[in-house]
1. I'm told Gln58 meets every condition in (1) touching a residue at least 40 places away in the same chain (Cβ under 8 Å); (2) of a type outside the set (Ser, Thr, Tyr); (3) within 25 Å of Gln195 (Cα to Cα) except one. Can you identify the failing condition by its number?
2. In this structure, does Ala476 turn out to be out of contact with any Asp or Glu (no Cβ under 6 Å at 6 or more places or on another chain) and either charged (D, E, K, R) or more than 24 Å from Ala417 (Cα to Cα) (or both)?
3. Please go through region 365-422 and pick out each residue that is free of Cβ contacts under 8 Å to residues at least 60 places away in the same chain and in contact with a Lys or Arg (Cβ under 8 Å, 6 or more places away or on another chain).
4. Report the residue count in region 418-452 for those that are at positive phi and either modelled with pLDDT under 85 or in contact with a helix residue (DSSP H, G or I) (Cβ under 7 Å, 6 or more places away or on another chain) (or both).
5. I'm trying to understand the selection: among the residues of region 531-550, which are over 16 Å from Cys567 (Cα atoms) and either at pLDDT 90 or above or β-branched (Val, Ile, Thr) (or both)?
6. Applying the selection to region 640-659, what residues are modelled with pLDDT of 90 or more and either hydroxyl-bearing (Ser, Thr, Tyr) or not in a helix (DSSP H, G or I) (or both)?
7. Just to check your reading of the model, which residue among Thr515, Thr528 is among the hydroxyl-bearing types (Ser, Thr, Tyr), closer than 21 Å to Gln442 by Cα and modelled with pLDDT under 85?
8. Among the numbered criteria (1) under 19 Å from Ala663 (Cβ atoms); (2) out of contact with any Ser or Thr (no Cβ under 6 Å at 6 or more places or on another chain), which single criterion is violated by Val369?
Amino acid sequence: MRERLDLTPGRIALLAVLAALLALVVAGPPLWSGAADEIDTAAMRAGASAAHPFGTDQLGRDLLARVLVATRLSLLLALATAALGFALGVAVGLLPALLGPRLRSVVATTINLFVAIPGLLLALLVATIVGIGAKGAVIALGVALAPQAARLTQTLAASVGGAEYVAASRVVGVRWPRLLGRHILPNIAAPLVLQFAMATSQALLALSALSFLGLGVQSPDYDWGALLSVGLDRMYVTPMAALGPGLAIVLAGVAINAGGDVLAAAIATDAPQRARRRRRAAGLAPSATLAAPVAEALADEAAPAAAASAAAAPAAAAPAADAAPGDVPAAPAVDPAPAPPAPAGPPAALRVERLSVSLPAAEGAVTPVREVSLTVGHGERVGIVGESGSGKSLTALAAAALLEPPFAVETAAHEIAGEPLFARAGTGRRRLLGRSLAVVFQDPLSALNPALRLRRQLTEAAIEHRDLDAGEATEAAIERLRELRLTRPEQRLGQHPHELSGGMRQRAVIAMGMTVRPGLIVADEPTTALDVAVEREVLAALRRANDEDGTAILLISHDIGVIASFCERVLVMYGGRIVEELPAADLRERAVHPYTRALLAAVPDMETDRDRPLPTIPGRPPTAAELPASCAFAARCAFASERCRAQQPPLVALDGAPGRRVACWHPAPDAAAPAPAAAAGDEREEERR
């Protein structure tokens with residue numbers, strides 16, 4: 001369903017003014033040109049009257065009629081000026097998106113040079129060449145507007161041109177006219193339309209100023225600026241002689257801006273519907289395995305792309321020669337073990353299979369999240385742990401369907417509350433996500449709108465997704481704040497976010513999500529920026545939601561201690577993949593992946609020897625662009641072999657260990673094996689001594 005435009009009474013009034021102006025452009029000269037040109041020597045310089053509301057000029061011509069007739073020339077000249085400037089600017093601004101790196105740099109530098117030249121100086125330079133008059137003014141001002149239009153177009157085209165769906169279109173051989181017309185221009189149309197409206201109003205003001213000074217429209221033609229010049233010397237005798245054309249300039253400028261604003265909003269609102277219509281016309285059903293922008297980009301090229309992908313697919317790797325006894329049996333990397341099924345009963349709060357997230361980069365597409373499969377059962381507490389850059393947050397955001405281009409998300413299955421997410425579209429998908437899932441971000445101050453009071457922010461979801469009225473939603477918000485142990489909840493609803501402490505803000509964000517009573521809360525490092533006492537309060541609030549309402553929790557953190565104490569099941573991520581999954585009760589004693597054991601060894605406890613250096617994991621995690629085709633942890637692992645450096649271990653289920661998976665060629669055979677971090681610490685201690 002199409003979203004409604006925000007048409008306030010003020011906007012409606014301005015749109016009515018704009019419609020009246022457009023009507024005058026068409027009907028003004030035929031209706032009033034006679035009165036505007038009729039000379040009446042008996043009424044020269046007459047004041048305002050019923051017959052002449054704006055008075056008359058030095059030849060007795062009616063000024064109101066002349067203002068109405070001048071509407072056509074004034075607006076057409078302004079539109080011509082803006083059209084000339086944007087035709088030049090958009091054409092030049094699109095060039096960097098089509099040219100190679102060297103020419104792109106030349107064009108970008110040229111645009112920057114012209115932007116640095118003041119528009120007035122550029123207009124005067126051009127006017128000197130083409131001469132004074134309406135034609136010269138239009139050309140001069142149009143050229144002066146072009147650099148700003150070129151800069152805006154260049155910036156917008158660069159942001160869209162780097163998107164995954166544009167890169168995919170280039171790969172399958174889409175030619176640049178189609179690339180511009182289908183993928184780039186439609187996605188930058190809204191801001192360009194808005195800027196065009198602003199340029200038109202600026203051109204109207206500038207042309208009127210030039211005509212006022214005698215450098216624009218020349219007699220016998222006239223526009224509002226020329227009429228303002230005539231009426232200004234009678235300002236104190238007949239004010240409407242000057243106020244009439246002046247008010248026309250102001251009203252027209254504001255109305256044009258309002259019209260551009262509404263048109264840009266309409267284009268932006270209609271973009272998803274147009275994309276779906278194109279996909280349906282191309283015979284593409286909504287896909288759960290390809291992000292919508294990528295599917296749209298490949299609508300006409302789906303068959304060649306599929307053939308190319310099939311031809312390029314690598315064969316499964318053969319077992320390595322150095323496989324040791326006790327190693328996990330090799331399995332094809334493209335067929336990892338699926339996530340353990342949720343317990344019998346209510347449907348799983350979340351299930352994703354083979355989730356991958358990619359985005360374009362200078363050296364080609366990178367995939368920071370690769371083949372992640374996970375299930376969060378009803379009422380279950382699941383944790384994802386790993387170092388910064390391991391892909392935890394991207395996985396959570398993709399699972400919550402919160403990633404937008406340039407990110408492209410691929411899944412083999414994506415279910416929320418047991419329902420396939422991509423089987424729904426538009427309002428149905430929003431309703432499913434809004435009712436079934438809430439997200440708690442790391443920084444509550446950025447998650448809350450600083451300009452709005454908490455009442456509006458905490459009741460919006462309940463009004464939208466539970467169909468409550470404002471009073472019922474307010475009561476639900478107060479109840480949730482009270483359940484989260486926030487003091488004086490009625491008073492808190494009248495406060496702004498900056499008036500609350502960090503812990504209070506975080507609980508307010510949790511309450512905002514819980515007002516719809518979701519089946520799953522995704523908490524993305526909700527306690528990172530909080531002190532220990534506030535961290536305990538926030539985790540207690542999440543636990544109460546889990547215990548009392550059966551809300552499932554997916555907790556993301558780099559603190560393995562928090563994950564171990566809060567969660568029932570733990571997923572360890574490294575290099576964009578799940579490398580181990582096990583029950584939280586087995587985490588400290590039965591973890592088998594070297595990375596998991598290294599994380600545990602790096603966490604001090606009450607029995608840690610303070611005379612020895614704290615173990616650390618040598619090196620750093622690879623970036624998304626550095627992820628190898630082999631084991632991503634091999635460069636930092638004390639147990640890595642040639643097989644680890646050559647092949648990527650698949651995520652497989654451990655024999656005789658239900659609910660446990662590991663991706664490692666050499667998992668620890670028992671809990672007594674030393675962790676790599678501890679070993680590294682011992683070696684550095686020996687070297688120091």
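The values are calculated or read from the model by the stated rules, or taken from the named source; none is laboratory data. Nothing here was measured: the structure is a model prediction, and the numbers come from that model. With ideal geometry, Cβ positions are generated from the backbone for all residues, glycine too; neighbour counts draw on all protein chains shown.
1. Of everything listed in (1) touching a residue at least 40 places away in the same chain (Cβ under 8 Å); (2) of a type outside the set (Ser, Thr, Tyr); (3) within 25 Å of Gln195 (Cα to Cα), Gln58 misses just condition (3).
2. no
3. Within region 365-422, Thr375, Ala401 meet the criteria.
4. Result for region 418-452: 1.
5. Val532, Val534 - these are the residues of region 531-550 that are over 16 Å from Cys567 (Cα atoms) and either at pLDDT 90 or above or β-branched (Val, Ile, Thr) (or both).
6. Ala640, Ser641, Gln647, Gln648, Pro649, Pro650, Leu651, Val652
7. Thr528
8. That leaves (2) as the condition not met.
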